[in-house]
1. Looking at (1) free of Cβ contacts under 8 Å to residues at least 60 places away in the same chain; (2) part of a loop (DSSP other than H, G, I, E, B), which is the one condition that is false for residue A:79?
2. Could you go through the stretch B:69-77 and let me know if any residue there is surrounded by 10 or more Cβ atoms within 10 Å (Cβ to Cβ) and modelled with pLDDT of 95 or more.
3. Based on what the data block shows, is residue A:214 outside any helix (DSSP H, G or I) and at pLDDT 95 or above?
4. Give me the residue from the stretch B:19-34 that is over 24 Å from residue A:321 (Cα atoms) and in contact with a strand residue (DSSP E or B) (Cβ under 6 Å, 6 or more places away or on another chain) and, out of that set, nearest to the other protein chains (Cβ to nearest Cβ).
5. Is it the case that some residue within the stretch A:47-65 is facing another protein chain (nearest Cβ under 10 Å), buried (at least 20 other Cβ atoms within 10 Å of the Cβ), in a loop (DSSP other than H, G, I, E, B) and in contact with a strand residue (DSSP E or B) (Cβ under 7 Å, 6 or more places away or on another chain)?
6. Anything in the stretch B:55-93 that is part of a loop (DSSP other than H, G, I, E, B), in contact with a helix residue (DSSP H, G or I) (Cβ under 9 Å, 6 or more places away or on another chain) and within 12 Å of chain A (Cβ to nearest Cβ)? List them, or say none.
7. Which one is farthest from residue A:240 (Cα to Cα), of the residues in the stretch A:2-31 that are surrounded by 13 or more Cβ atoms within 10 Å (Cβ to Cβ) and at pLDDT 90 or above?
8. Pick from A:282, A:264: which is in contact with a helix residue (DSSP H, G or I) (Cβ under 9 Å, 6 or more places away or on another chain), farther than 28 Å from residue A:78 by Cα and in a loop (DSSP other than H, G, I, E, B)?
(Lines give C-alpha, C1' and ligand atoms only; values in the text may rest on other atoms or scores of the structure.)
Protein backbone atom coordinates (compact mmCIF):
# COMPACT_ATOMS: atom_id res chain seq x y z
CA UNK A 1 0.00 0.00 0.00
CA UNK A 2 1.25 3.46 -0.82
CA UNK A 3 2.09 5.51 2.22
CA UNK A 4 -0.47 8.34 2.08
CA UNK A 5 2.10 10.69 3.55
CA UNK A 6 4.41 10.02 0.64
CA UNK A 7 1.89 11.57 -1.75
CA UNK A 8 1.93 15.26 -2.50
CA UNK A 9 -0.09 17.06 0.16
CA UNK A 10 -3.14 18.69 -1.36
CA UNK A 11 -4.40 20.34 1.82
CA UNK A 12 -2.09 22.90 3.41
CA UNK A 13 -0.61 21.94 6.79
CA UNK A 14 -2.56 24.69 8.49
CA UNK A 15 -5.85 23.00 7.55
CA UNK A 16 -4.76 19.58 8.69
CA UNK A 17 -3.45 20.40 12.11
CA UNK A 18 -4.88 23.62 13.37
CA UNK A 19 -2.61 23.73 16.40
CA UNK A 20 1.00 23.61 15.19
CA UNK A 21 2.30 24.75 18.60
CA UNK A 22 1.43 21.32 19.98
CA UNK A 23 4.27 19.90 17.89
CA UNK A 24 7.62 19.35 19.57
CA UNK A 25 9.36 22.53 18.40
CA UNK A 26 11.96 24.88 19.89
CA UNK A 27 10.35 27.02 22.60
CA UNK A 28 10.47 30.39 20.84
CA UNK A 29 8.95 28.96 17.68
CA UNK A 30 6.12 27.35 19.69
CA UNK A 31 5.54 30.57 21.60
CA UNK A 32 5.24 32.51 18.36
CA UNK A 33 2.81 29.99 16.82
CA UNK A 34 0.74 30.00 20.01
CA UNK A 35 0.62 33.78 20.05
CA UNK A 36 -0.43 33.89 16.38
CA UNK A 37 -3.16 31.34 17.08
CA UNK A 38 -4.59 33.15 20.11
CA UNK A 39 -4.32 36.72 18.84
CA UNK A 40 -5.91 35.53 15.58
CA UNK A 41 -9.01 34.39 17.50
CA UNK A 42 -8.02 30.74 18.02
CA UNK A 43 -9.11 28.77 21.10
CA UNK A 44 -6.99 26.86 23.60
CA UNK A 45 -8.04 23.64 25.38
CA UNK A 46 -6.70 22.39 28.72
CA UNK A 47 -4.74 19.64 26.97
CA UNK A 48 -2.99 22.02 24.54
CA UNK A 49 0.52 23.29 25.05
CA UNK A 50 0.59 26.85 26.38
CA UNK A 51 3.30 29.25 27.52
CA UNK A 52 3.77 29.76 31.28
CA UNK A 53 2.67 33.36 31.03
CA UNK A 54 -0.65 32.42 29.45
CA UNK A 55 -1.29 29.58 31.92
CA UNK A 56 -0.54 31.83 34.91
CA UNK A 57 -2.62 34.67 33.55
CA UNK A 58 -5.70 32.50 32.89
CA UNK A 59 -5.30 30.74 36.23
CA UNK A 60 -5.11 34.02 38.16
CA UNK A 61 -8.16 35.39 36.32
CA UNK A 62 -10.30 32.27 36.81
CA UNK A 63 -9.20 31.76 40.43
CA UNK A 64 -10.17 35.33 41.35
CA UNK A 65 -13.52 34.78 39.63
CA UNK A 66 -14.08 31.50 41.51
CA UNK A 67 -13.15 33.12 44.84
CA UNK A 68 -15.65 35.90 44.16
CA UNK A 69 -18.47 33.45 43.49
CA UNK A 70 -17.68 31.58 46.70
CA UNK A 71 -17.36 34.70 48.89
CA UNK A 72 -20.24 36.44 47.11
CA UNK A 73 -22.85 34.16 48.63
CA UNK A 74 -22.05 35.19 52.21
CA UNK A 75 -23.78 38.62 52.15
CA UNK A 76 -26.88 36.96 50.69
CA UNK A 77 -26.77 33.88 52.90
CA UNK A 78 -27.32 36.18 55.90
CA UNK A 79 -30.78 37.00 54.58
CA UNK A 80 -32.17 33.54 53.80
CA UNK A 81 -33.74 33.23 57.25
CA UNK A 82 -35.00 36.84 57.09
CA UNK A 83 -36.54 36.75 53.60
CA UNK A 84 -40.00 38.38 53.72
CA UNK A 85 -41.95 35.61 51.94
CA UNK A 86 -41.56 31.91 51.21
CA UNK A 87 -41.13 32.59 47.47
CA UNK A 88 -38.35 35.10 48.16
CA UNK A 89 -36.71 32.62 50.52
CA UNK A 90 -36.78 29.89 47.86
CA UNK A 91 -35.41 32.25 45.21
CA UNK A 92 -32.61 33.50 47.45
CA UNK A 93 -31.69 29.96 48.51
CA UNK A 94 -31.56 28.91 44.85
CA UNK A 95 -29.38 31.93 44.01
CA UNK A 96 -26.94 31.10 46.82
CA UNK A 97 -26.80 27.50 45.57
CA UNK A 98 -26.20 28.74 42.00
CA UNK A 99 -23.30 30.97 43.03
CA UNK A 100 -21.63 28.18 45.00
CA UNK A 101 -22.18 25.99 41.91
CA UNK A 102 -20.43 28.64 39.79
CA UNK A 103 -17.50 28.56 42.20
CA UNK A 104 -17.36 24.76 41.78
CA UNK A 105 -17.39 25.03 37.97
CA UNK A 106 -14.70 27.72 37.96
CA UNK A 107 -12.44 25.93 40.45
CA UNK A 108 -12.66 22.92 38.09
CA UNK A 109 -11.44 25.10 35.21
CA UNK A 110 -8.61 26.43 37.39
CA UNK A 111 -7.67 22.96 38.67
CA UNK A 112 -7.05 21.74 35.12
CA UNK A 113 -4.53 24.57 34.74
CA UNK A 114 -2.48 22.97 37.50
CA UNK A 115 -3.42 24.36 40.92
CA UNK A 116 -5.23 21.96 43.29
CA UNK A 117 -8.49 23.16 44.79
CA UNK A 118 -7.28 22.83 48.38
CA UNK A 119 -4.37 25.17 47.56
CA UNK A 120 -6.82 27.70 46.09
CA UNK A 121 -9.06 27.54 49.17
CA UNK A 122 -6.04 27.86 51.47
CA UNK A 123 -4.69 30.88 49.55
CA UNK A 124 -8.11 32.53 49.78
CA UNK A 125 -8.38 31.89 53.53
CA UNK A 126 -4.81 33.15 54.07
CA UNK A 127 -5.59 36.38 52.21
CA UNK A 128 -3.05 35.59 49.47
CA UNK A 129 -5.61 35.71 46.66
CA UNK A 130 -8.42 38.20 46.14
CA UNK A 131 -12.17 38.37 45.63
CA UNK A 132 -14.34 41.15 44.19
CA UNK A 133 -14.65 44.43 46.10
CA UNK A 134 -18.45 44.30 46.37
CA UNK A 135 -18.33 41.24 48.62
CA UNK A 136 -16.32 43.06 51.31
CA UNK A 137 -19.30 45.17 52.44
CA UNK A 138 -22.04 44.38 54.97
CA UNK A 139 -25.74 44.02 54.08
CA UNK A 140 -27.91 46.20 56.30
CA UNK A 141 -31.49 45.66 55.11
CA UNK A 142 -33.56 43.46 52.79
CA UNK A 143 -33.26 46.26 50.23
CA UNK A 144 -29.54 45.44 49.97
CA UNK A 145 -30.50 41.97 48.72
CA UNK A 146 -32.54 43.51 45.88
CA UNK A 147 -29.80 45.97 44.94
CA UNK A 148 -27.08 43.28 45.05
CA UNK A 149 -29.03 40.72 43.01
CA UNK A 150 -30.06 43.34 40.45
CA UNK A 151 -27.10 45.67 40.08
CA UNK A 152 -24.07 43.76 41.39
CA UNK A 153 -25.12 40.79 39.28
CA UNK A 154 -25.81 43.11 36.33
CA UNK A 155 -22.36 44.68 36.58
CA UNK A 156 -20.91 41.17 36.80
CA UNK A 157 -22.88 39.82 33.85
CA UNK A 158 -21.70 42.69 31.64
CA UNK A 159 -18.16 41.49 32.32
CA UNK A 160 -19.07 37.83 32.10
CA UNK A 161 -20.84 38.10 28.75
CA UNK A 162 -17.61 39.45 27.31
CA UNK A 163 -15.86 36.30 28.58
CA UNK A 164 -18.08 33.85 26.67
CA UNK A 165 -15.65 34.20 23.78
CA UNK A 166 -12.46 33.92 25.86
CA UNK A 167 -9.47 32.34 24.12
CA UNK A 168 -9.35 29.74 26.91
CA UNK A 169 -12.17 27.48 25.68
CA UNK A 170 -13.02 25.65 28.95
CA UNK A 171 -13.54 29.06 30.61
CA UNK A 172 -15.63 30.35 27.68
CA UNK A 173 -17.90 27.29 27.83
CA UNK A 174 -18.32 27.65 31.60
CA UNK A 175 -19.16 31.35 31.19
CA UNK A 176 -21.95 30.51 28.75
CA UNK A 177 -23.57 28.29 31.37
CA UNK A 178 -22.99 30.82 34.16
CA UNK A 179 -24.44 33.77 32.18
CA UNK A 180 -27.58 31.78 31.52
CA UNK A 181 -28.05 31.22 35.27
CA UNK A 182 -27.13 34.80 36.23
CA UNK A 183 -29.87 36.22 34.03
CA UNK A 184 -32.41 34.68 36.46
CA UNK A 185 -30.69 36.39 39.41
CA UNK A 186 -31.00 39.80 37.79
CA UNK A 187 -34.72 39.29 37.25
CA UNK A 188 -35.10 38.19 40.87
CA UNK A 189 -33.21 41.28 42.12
CA UNK A 190 -35.05 43.70 39.87
CA UNK A 191 -38.36 42.20 41.01
CA UNK A 192 -37.39 42.78 44.67
CA UNK A 193 -36.46 46.41 43.92
CA UNK A 194 -39.55 47.17 41.81
CA UNK A 195 -41.82 45.57 44.43
CA UNK A 196 -40.36 47.73 47.20
CA UNK A 197 -40.48 50.88 45.06
CA UNK A 198 -44.21 50.26 44.68
CA UNK A 199 -44.59 49.73 48.43
CA UNK A 200 -44.73 52.08 51.41
CA UNK A 201 -42.64 55.24 51.74
CA UNK A 202 -40.43 53.36 54.20
CA UNK A 203 -39.78 50.62 51.64
CA UNK A 204 -38.94 53.21 48.96
CA UNK A 205 -36.57 54.91 51.39
CA UNK A 206 -34.88 51.57 52.14
CA UNK A 207 -34.17 50.99 48.44
CA UNK A 208 -32.88 54.53 47.96
CA UNK A 209 -30.63 54.24 51.03
CA UNK A 210 -29.24 50.88 49.86
CA UNK A 211 -28.63 52.26 46.36
CA UNK A 212 -26.77 55.28 47.79
CA UNK A 213 -24.49 52.96 49.78
CA UNK A 214 -23.83 50.51 46.93
CA UNK A 215 -23.24 53.04 44.14
CA UNK A 216 -19.60 53.76 45.09
CA UNK A 217 -18.56 50.06 45.17
CA UNK A 218 -20.55 49.44 41.95
CA UNK A 219 -18.67 52.20 40.11
CA UNK A 220 -15.35 50.80 41.39
CA UNK A 221 -16.22 47.18 40.58
CA UNK A 222 -14.79 47.02 37.03
CA UNK A 223 -11.55 48.70 38.13
CA UNK A 224 -9.66 51.81 37.03
CA UNK A 225 -9.25 52.70 33.37
CA UNK A 226 -6.39 50.82 31.79
CA UNK A 227 -4.37 51.04 28.60
CA UNK A 228 -5.78 48.50 26.15
CA UNK A 229 -2.37 48.10 24.49
CA UNK A 230 -0.67 47.18 27.79
CA UNK A 231 -3.34 44.81 29.10
CA UNK A 232 -1.97 41.25 28.89
CA UNK A 233 -5.41 39.68 29.48
CA UNK A 234 -6.64 41.50 26.38
CA UNK A 235 -3.49 40.67 24.41
CA UNK A 236 -4.06 36.96 25.03
CA UNK A 237 -7.80 37.41 24.41
CA UNK A 238 -8.56 35.95 27.84
CA UNK A 239 -10.97 38.88 28.10
CA UNK A 240 -12.24 41.18 25.36
CA UNK A 241 -13.12 44.50 26.99
CA UNK A 242 -11.38 47.09 29.17
CA UNK A 243 -12.70 48.20 32.58
CA UNK A 244 -14.00 51.45 31.17
CA UNK A 245 -15.81 49.73 28.29
CA UNK A 246 -17.57 47.46 30.80
CA UNK A 247 -18.48 50.38 33.08
CA UNK A 248 -19.90 52.37 30.15
CA UNK A 249 -21.94 49.38 29.06
CA UNK A 250 -23.28 48.90 32.60
CA UNK A 251 -24.20 52.60 32.88
CA UNK A 252 -25.95 52.70 29.48
CA UNK A 253 -28.20 49.78 30.31
CA UNK A 254 -28.88 50.27 34.01
CA UNK A 255 -28.88 54.01 34.81
CA UNK A 256 -32.04 54.58 32.70
CA UNK A 257 -33.68 51.59 34.41
CA UNK A 258 -32.82 53.02 37.85
CA UNK A 259 -34.08 56.52 36.95
CA UNK A 260 -37.25 55.00 35.48
CA UNK A 261 -38.22 53.92 39.02
CA UNK A 262 -37.89 57.48 40.36
CA UNK A 263 -34.71 56.56 42.24
CA UNK A 264 -31.68 58.88 42.29
CA UNK A 265 -27.98 58.16 42.14
CA UNK A 266 -25.55 59.84 44.55
CA UNK A 267 -23.38 61.42 41.85
CA UNK A 268 -24.27 64.97 40.75
CA UNK A 269 -21.98 64.70 37.72
CA UNK A 270 -23.52 61.51 36.34
CA UNK A 271 -24.98 62.21 32.89
CA UNK A 272 -24.91 60.86 29.36
CA UNK A 273 -22.86 63.12 27.10
CA UNK A 274 -24.76 63.04 23.80
CA UNK A 275 -21.96 64.69 21.84
CA UNK A 276 -19.27 62.25 22.96
CA UNK A 277 -21.65 59.31 23.30
CA UNK A 278 -20.27 58.36 26.72
CA UNK A 279 -21.35 58.52 30.34
CA UNK A 280 -19.65 61.16 32.51
CA UNK A 281 -19.28 60.53 36.22
CA UNK A 282 -17.33 61.60 39.29
CA UNK A 283 -14.04 59.71 39.49
CA UNK A 284 -14.62 56.62 41.70
CA UNK A 285 -12.57 56.31 44.89
CA UNK A 286 -9.75 54.04 43.70
CA UNK A 287 -8.04 54.19 47.11
CA UNK A 288 -11.13 52.63 48.64
CA UNK A 289 -11.04 49.89 45.97
CA UNK A 290 -7.38 49.12 46.66
CA UNK A 291 -7.94 49.00 50.42
CA UNK A 292 -11.04 46.84 50.14
CA UNK A 293 -9.67 44.17 47.78
CA UNK A 294 -6.60 43.72 49.97
CA UNK A 295 -9.01 42.61 52.71
CA UNK A 296 -9.26 45.98 54.49
CA UNK A 297 -12.97 46.39 53.69
CA UNK A 298 -15.65 46.81 56.38
CA UNK A 299 -16.66 43.13 56.24
CA UNK A 300 -13.46 41.49 54.86
CA UNK A 301 -12.32 39.93 58.13
CA UNK A 302 -15.79 38.74 59.13
CA UNK A 303 -16.36 37.06 55.75
CA UNK A 304 -12.96 35.35 55.70
CA UNK A 305 -13.42 34.36 59.33
CA UNK A 306 -16.74 32.72 58.47
CA UNK A 307 -15.10 30.82 55.59
CA UNK A 308 -12.27 29.62 57.84
CA UNK A 309 -14.76 28.26 60.38
CA UNK A 310 -16.83 26.64 57.59
CA UNK A 311 -13.71 25.07 56.06
CA UNK A 312 -12.68 23.60 59.42
CA UNK A 313 -16.23 22.49 60.27
CA UNK A 314 -16.58 20.56 57.01
CA UNK A 315 -13.22 18.82 57.21
CA UNK A 316 -14.98 15.66 58.40
CA UNK A 317 -16.98 15.56 55.14
CA UNK A 318 -13.86 15.63 53.02
CA UNK A 319 -12.24 13.05 55.29
CA UNK A 320 -15.33 10.83 55.08
CA UNK A 321 -15.41 11.04 51.27
CA UNK A 322 -11.77 10.07 50.96
CA UNK A 323 -12.01 7.54 53.80
CA UNK A 324 -14.90 5.87 52.06
CA UNK A 325 -12.87 5.25 48.92
CA UNK A 326 -10.01 3.95 51.02
CA UNK A 327 -12.40 1.50 52.69
CA UNK A 328 -13.87 0.45 49.35
CA UNK A 329 -10.40 -0.27 48.02
CA UNK A 330 -9.64 -2.39 51.05
CA UNK A 331 -12.62 -4.64 50.32
CA UNK A 332 -11.50 -5.29 46.76
CA UNK A 333 -8.50 -7.60 46.50
CA UNK A 334 -5.94 -6.13 44.10
CA UNK B 1 11.33 28.29 31.11
CA UNK B 2 9.54 24.99 30.93
CA UNK B 3 5.96 26.07 30.30
CA UNK B 4 4.62 23.20 32.30
CA UNK B 5 2.76 23.39 35.61
CA UNK B 6 5.02 24.10 38.62
CA UNK B 7 6.30 20.99 40.39
CA UNK B 8 4.02 21.48 43.38
CA UNK B 9 0.98 21.66 41.13
CA UNK B 10 0.02 18.72 39.05
CA UNK B 11 -3.11 18.25 37.01
CA UNK B 12 -5.39 15.32 37.78
CA UNK B 13 -3.44 14.72 40.92
CA UNK B 14 -5.49 11.67 41.81
CA UNK B 15 -2.97 10.02 44.10
CA UNK B 16 -2.47 12.98 46.43
CA UNK B 17 -6.15 13.83 46.96
CA UNK B 18 -7.96 10.59 46.15
CA UNK B 19 -10.04 12.57 43.67
CA UNK B 20 -10.05 12.36 39.91
CA UNK B 21 -11.84 14.19 37.10
CA UNK B 22 -15.05 12.80 35.57
CA UNK B 23 -16.37 14.23 32.31
CA UNK B 24 -20.07 15.11 32.18
CA UNK B 25 -22.12 14.85 28.97
CA UNK B 26 -25.62 16.34 28.78
CA UNK B 27 -28.64 15.65 26.67
CA UNK B 28 -30.86 18.68 26.78
CA UNK B 29 -33.99 17.16 25.26
CA UNK B 30 -34.95 13.61 24.35
CA UNK B 31 -33.43 12.78 20.97
CA UNK B 32 -30.74 15.47 21.17
CA UNK B 33 -27.08 14.50 20.86
CA UNK B 34 -25.08 14.06 24.06
CA UNK B 35 -22.86 17.11 24.38
CA UNK B 36 -19.90 17.67 26.64
CA UNK B 37 -20.97 19.89 29.55
CA UNK B 38 -17.92 20.03 31.81
CA UNK B 39 -16.33 17.93 34.49
CA UNK B 40 -16.44 17.25 38.22
CA UNK B 41 -13.84 15.97 40.69
CA UNK B 42 -14.92 12.92 42.67
CA UNK B 43 -13.40 9.91 44.40
CA UNK B 44 -15.82 7.42 42.84
CA UNK B 45 -18.71 7.01 40.42
CA UNK B 46 -21.43 7.40 43.06
CA UNK B 47 -20.26 10.85 44.13
CA UNK B 48 -19.42 11.83 40.55
CA UNK B 49 -23.06 11.17 39.62
CA UNK B 50 -24.30 13.22 42.60
CA UNK B 51 -22.02 16.17 41.77
CA UNK B 52 -22.98 16.03 38.09
CA UNK B 53 -26.66 16.10 39.03
CA UNK B 54 -26.12 19.15 41.28
CA UNK B 55 -24.02 21.10 38.78
CA UNK B 56 -25.62 20.12 35.45
CA UNK B 57 -29.17 19.05 36.22
CA UNK B 58 -30.35 21.21 39.08
CA UNK B 59 -32.65 23.43 36.99
CA UNK B 60 -34.33 20.77 34.90
CA UNK B 61 -31.99 21.71 32.07
CA UNK B 62 -30.91 18.15 31.29
CA UNK B 63 -32.88 15.15 30.06
CA UNK B 64 -29.99 12.77 30.65
CA UNK B 65 -26.39 12.87 31.87
CA UNK B 66 -23.46 10.58 31.07
CA UNK B 67 -20.65 10.61 33.60
CA UNK B 68 -17.36 9.14 32.37
CA UNK B 69 -14.06 8.80 34.15
CA UNK B 70 -11.62 11.06 32.28
CA UNK B 71 -8.99 8.32 32.30
CA UNK B 72 -11.42 6.14 30.33
CA UNK B 73 -11.71 8.62 27.46
CA UNK B 74 -9.55 7.75 24.47
CA UNK B 75 -8.45 10.91 22.73
CA UNK B 76 -7.77 10.88 19.00
CA UNK B 77 -6.62 14.10 17.41
CA UNK B 78 -3.95 12.82 15.03
CA UNK B 79 -4.28 14.93 11.88
CA UNK B 80 -2.70 12.15 9.79
CA UNK B 81 -5.77 10.05 10.60
CA UNK B 82 -8.47 12.70 10.83
CA UNK B 83 -7.31 15.15 8.16
CA UNK B 84 -5.04 13.18 5.84
CA UNK B 85 -3.07 15.26 3.37
CA UNK B 86 -5.18 14.23 0.40
CA UNK B 87 -8.08 15.80 -1.44
CA UNK B 88 -11.13 14.01 -0.04
CA UNK B 89 -13.69 16.19 -1.82
CA UNK B 90 -14.99 13.10 -3.68
CA UNK B 91 -16.47 12.02 -0.32
CA UNK B 92 -18.54 15.16 0.03
CA UNK B 93 -21.60 16.41 -1.90
CA UNK B 94 -19.78 19.69 -2.47
CA UNK B 95 -17.05 17.83 -4.32
CA UNK B 96 -19.23 17.46 -7.42
CA UNK B 97 -19.62 20.72 -9.30
CA UNK B 98 -21.55 20.07 -12.53
CA UNK B 99 -23.34 23.31 -13.33
CA UNK B 100 -21.40 23.96 -16.51
CA UNK B 101 -21.56 20.33 -17.59
CA UNK B 102 -25.34 20.28 -17.09
CA UNK B 103 -25.70 23.42 -19.15
CA UNK B 104 -23.68 21.81 -21.91
CA UNK B 105 -25.80 18.63 -21.76
CA UNK B 106 -29.02 20.68 -21.98
CA UNK B 107 -27.71 22.58 -24.95
CA UNK B 108 -26.83 19.34 -26.69
CA UNK B 109 -30.25 17.78 -26.05
CA UNK B 110 -32.19 20.97 -26.70
CA UNK B 111 -34.04 20.66 -23.37
CA UNK B 112 -34.95 23.61 -21.13
CA UNK B 113 -33.80 23.86 -17.51
CA UNK B 114 -36.49 22.22 -15.30
CA UNK B 115 -38.28 24.39 -12.73
CA UNK B 116 -36.86 24.25 -9.24
CA UNK B 117 -38.60 21.51 -7.25
CA UNK B 118 -39.36 21.85 -3.58
CA UNK B 119 -38.28 18.24 -3.13
CA UNK B 120 -34.61 17.62 -2.84
CA UNK B 121 -32.45 14.71 -1.94
CA UNK B 122 -29.98 16.93 -0.17
CA UNK B 123 -29.68 15.86 3.44
CA UNK B 124 -29.16 18.11 6.38
CA UNK B 125 -26.04 16.26 7.45
CA UNK B 126 -23.00 18.49 7.80
CA UNK B 127 -21.07 18.64 4.56
CA UNK B 128 -17.70 19.53 5.98
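The values are calculated or read from the model by the stated rules, or taken from the named source; none is laboratory data. The model shown is predicted, which means the values in this text are computed figures rather than measured ones. Methodologically, a virtual Cβ is constructed for each residue, glycine included, from the backbone with ideal geometry; neighbour enumeration extends over all protein chains shown.
1. It is condition (1) that residue A:79 fails.
2. For the stretch B:69-77, residues surrounded by 10 or more Cβ atoms within 10 Å (Cβ to Cβ) and modelled with pLDDT of 95 or more: present.
3. The answer is no for residue A:214.
4. Result: B:26.
5. For the stretch A:47-65, residues facing another protein chain (nearest Cβ under 10 Å), buried (at least 20 other Cβ atoms within 10 Å of the Cβ), in a loop (DSSP other than H, G, I, E, B) and in contact with a strand residue (DSSP E or B) (Cβ under 7 Å, 6 or more places away or on another chain): present.
6. B:58, B:59, B:61, B:62, B:77, B:83, B:84, B:85, B:86, B:87, B:88, listed by residue number.
7. Selected residue: A:30.
8. A:282
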